[in-house]
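These notes concern the structure reproduced below.
The values are calculated or read from the model by the stated rules, or taken from the named source; none is laboratory data. Treat the numbers as computed from the prediction; the structure is a model and nothing was measured. Every residue, glycine among them, receives a Cβ derived from its backbone with ideal geometry; neighbour counts consider all protein chains shown. Note: areas computed on protein heavy atoms with side chains; ligands, DNA, RNA excluded. Shrake-Rupley method; radii C 1.70, N 1.55, O 1.52, S 1.80 Å.
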Amino acid sequence: MRTQDVLIIGAGAAGSTAAFHLAKSGHSVTLLDKSHKKLIKPCGGGMSAAVQKLFPFDLQPIVEEVINQVNFSWCLEDEVCALLPGQAPFWIVKRERLDEFITTQAINQGAEFVNAFEVKSIKKIGSYWQLTSQSGEQLQSKVVIIANGSRSTFPSEFNLGPKTIHHASTISVRLEGRGNLQRGSSRFEFGLVQHGFAWAFPLTDGVNVGIGSFIGKRALNSVAVLDKLLPSLGFCPDEGERTEALLRVWNGHSKLNGEGILAVGDAASLCDPFLAEGLRPALLSGYEAARSIDNWLIGEARDLDSYSIAMRNNWGKSMAWGRRISQVFYRFPKVGYQLGIKRPTAPKRIAQILSGEMGYEDIASRVIKRLLFQGS
Ligand SMILES: Cc1cc2nc3c(=O)[nH]c(=O)nc-3n(C[C@H](O)[C@H](O)[C@H](O)COP(=O)(O)OP(=O)(O)OC[C@H]3O[C@@H](n4cnc5c(N)ncnc54)[C@H](O)[C@@H]3O)c2cc1C
């Protein structure tokens, strides 16, 4: 059996990023995905432009819209508008295009891509990892990256990621035409969704609408929300194809690597528990995983621990505060809206969070104090 340096399970944002960087460093990489080409992938596609620094190639070809204005509302009223300053801090992409684009860049660097390979089991045989597909095919490698998203069962099998998995309930709707969304603007609606919010992000020829609920396991009641939200955006209440999904969100610092194995993206529970931002940590974790694996494979590091440390420092520290803000904000959302979103300084802060210029830790203690002491 041929032995690759690295096998990557899942060609989403995280897996394809790791494949690109590892192939670029000269390692033999096979990227595996269970699906054939995806037509629509459920995701808002909102992404900080700060991710550009993780790639030597230009991401602009797949940017559908550059957001310079965010409109917030409470039950479709009491609107607040935040202007995002200058440097294009927030982009909207179609997820299926982003994944395909980075995968193609990885292939151009020499990575092998195997479609319709659904990994069923991961086993350590001696010093190699052996992956077996649903149809019994086997592949072998020195390192395995688990990048197969929120429904992955592999991280817990290898004690990677948080012990208790926390999910957000989501629904995603892709609409044709732009309704009444103005060029460069996006919408966040807080009052209609219990313990969460709804969003509308414009695409060149459509709109991504979504709903996320972040506390508890209640049903989303998405029909009632969309019945009101879609007409406010200029669409019929029953338009668009709907996809429900559970999204793993960050739930405490945890080790993300073992010996020759690590988890990235949603499989590692990295998604922001307040705003469901999962693309930036997916891309960042793919990048950091590749760096750590490269050092290990060339003998400059004894283990892959530098990956867990980098993700803790560069993402987890902010998410620890994001989780606290989420727990307080979504319990008292009306107060949160009045005291958080509607504050005169909020637009600038929101712009800085969305652009990645500022983390939750920079604003957290003030926000939580405000919500707790004036919110009861
Ligand atoms: C409704 C919704 C809206 C969202 N909106 C946003 C947003 O606007 N901005 C943002 O930043 N984040 C958003 N997110 C979060 C973001 O989509 C995720 O965090 C991101 O997709 C994580 O990427 P990933 O590569 O880790 O996983 P995924 O994109 O899920 O990729 C996993 C890949 O693994 C493959 N796979 C699965 N199982 C196997 C297997 N056994 N063998 C082989 N392959 C397998 C899948 O086919 C898939 O291609 C949203 C999520 C949802 C659900």
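The table that follows gives values for the structure above.
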| read-out | value |
| --- | --- |
| Single residue of Gly177, Gly184, Gly161, Gly196 found to be more than 24 Å from the chain's Cα centre (by Cα) and either more than 14 Å from the ligand (Cβ to nearest atom) or in contact (Cβ under 8 Å) with a residue 40 or more places away in the chain (or both) | Gly177 |
| Residue within the range 93-110 that is loosely packed, with under 15 Cβ neighbours inside 10 Å, touching a residue at least 60 places away in the same chain (Cβ under 8 Å), of a type in the set (S, T, N, Q) and out of contact with any strand residue (DSSP E or B) (no Cβ under 8 Å at 6 or more places or on another chain) present | no |
| Matching residues in the range 36-52 - criterion: being open to solvent by less than 30 Å² (accessible area, probe 1.4 Å) and either near the ligand (Cβ under 6 Å from one of its atoms) or assigned to a loop (DSSP other than H, G, I, E, B) (or both) | Gly44, Gly45, Gly46, Met47 |
| All positions within the range 268-286 that are among the hydrophobic types (A, V, I, L, M, F, W, C) and more than 6 Å from the ligand (Cβ to nearest atom) | Ala268, Leu270, Phe274, Leu275, Leu283, Leu284 |
| Count of residues meeting criterion [more than 14 Å from Gly316 (Cβ to Cβ), crowded, with 24+ Cβ neighbours inside 10 Å and of a type outside the set (D, E, K, R)] in the range 248-264 | 1 |
| Selection count, the range 53-74, where residues are open to solvent by 20 Å² or more (accessible area, probe 1.4 Å) and of a type outside the set (Lys, Arg) | 12 |
| Residues satisfying the stated conditions in the range 22-35, i.e. within 14 Å of the ligand (Cβ to nearest atom) and touching a helix residue (DSSP H, G or I) at 6+ places or on another chain (Cβ under 7 Å) | Leu31 |
| Counted residues, the range 252-282 - those being assigned to a helix (DSSP H, G or I) and on the phi > 0 side of the Ramachandran plot | 1 |
| Test: residue in the range 303-318 that is farther than 23 Å from Gly45 by Cα, among the hydrophobic types (A, V, I, L, M, F, W, C) and touching a Leu at 6+ places or on another chain (Cβ under 7 Å) | yes |
| Index of the failed condition, Thr170 passing every other in (1) over 21 Å from Gly44 (Cβ atoms); (2) among the β-branched types (Val, Ile, Thr); (3) surrounded by 23 or more Cβ atoms within 10 Å (Cβ to Cβ) | (1) |
| Options Leu139, Leu192; residue that is under 19 Å from Ala116 (Cα atoms), touching a strand residue (DSSP E or B) at 6+ places or on another chain (Cβ under 9 Å), open to solvent by 20 Å² or more (accessible area, probe 1.4 Å) and of a type in the set (A, V, I, L, M, F, W, C) | Leu139 |
| Helices (runs of 4 or more DSSP H) contained in the range 283-376 and holding at least 1 residues open to solvent by 40 Å² or more (accessible area, probe 1.4 Å) and either modelled with pLDDT of 80 or more or among the aliphatic types (A, V, I, L, M) (or both) | 305-311, 317-329, 333-336, 360-374 |
| Residue within the range 63-72 that is away from the ligand (no atom under 15 Å from the Cβ), at pLDDT 95 or above and in contact with a Gly (Cβ under 6 Å, 6 or more places away or on another chain) present | no |
| Flag if Phe101 is within 11 Å of the ligand (Cβ to nearest atom), within 19 Å of the chain's Cα centre (by Cα), of a type outside the set (A, V, I, L, M) and closer than 27 Å to Asp205 by Cβ | no |
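For every residue, the table says whether it meets (1) within 14 Å of the ligand (Cβ to nearest atom); (2) over 23 Å from the mean Cα position of the chain (by Cα); (3) not hydrophobic (A, V, I, L, M, F, W, C).
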| residue | (1), (2), (3) |
| --- | --- |
| Ala106 | yes, no, no |
| Gly110 | no, yes, yes |
| Glu118 | yes, no, yes |
| Gly126 | no, yes, yes |
| Gln130 | no, yes, yes |
| Leu139 | yes, yes, no |
| Val144 | yes, no, no |
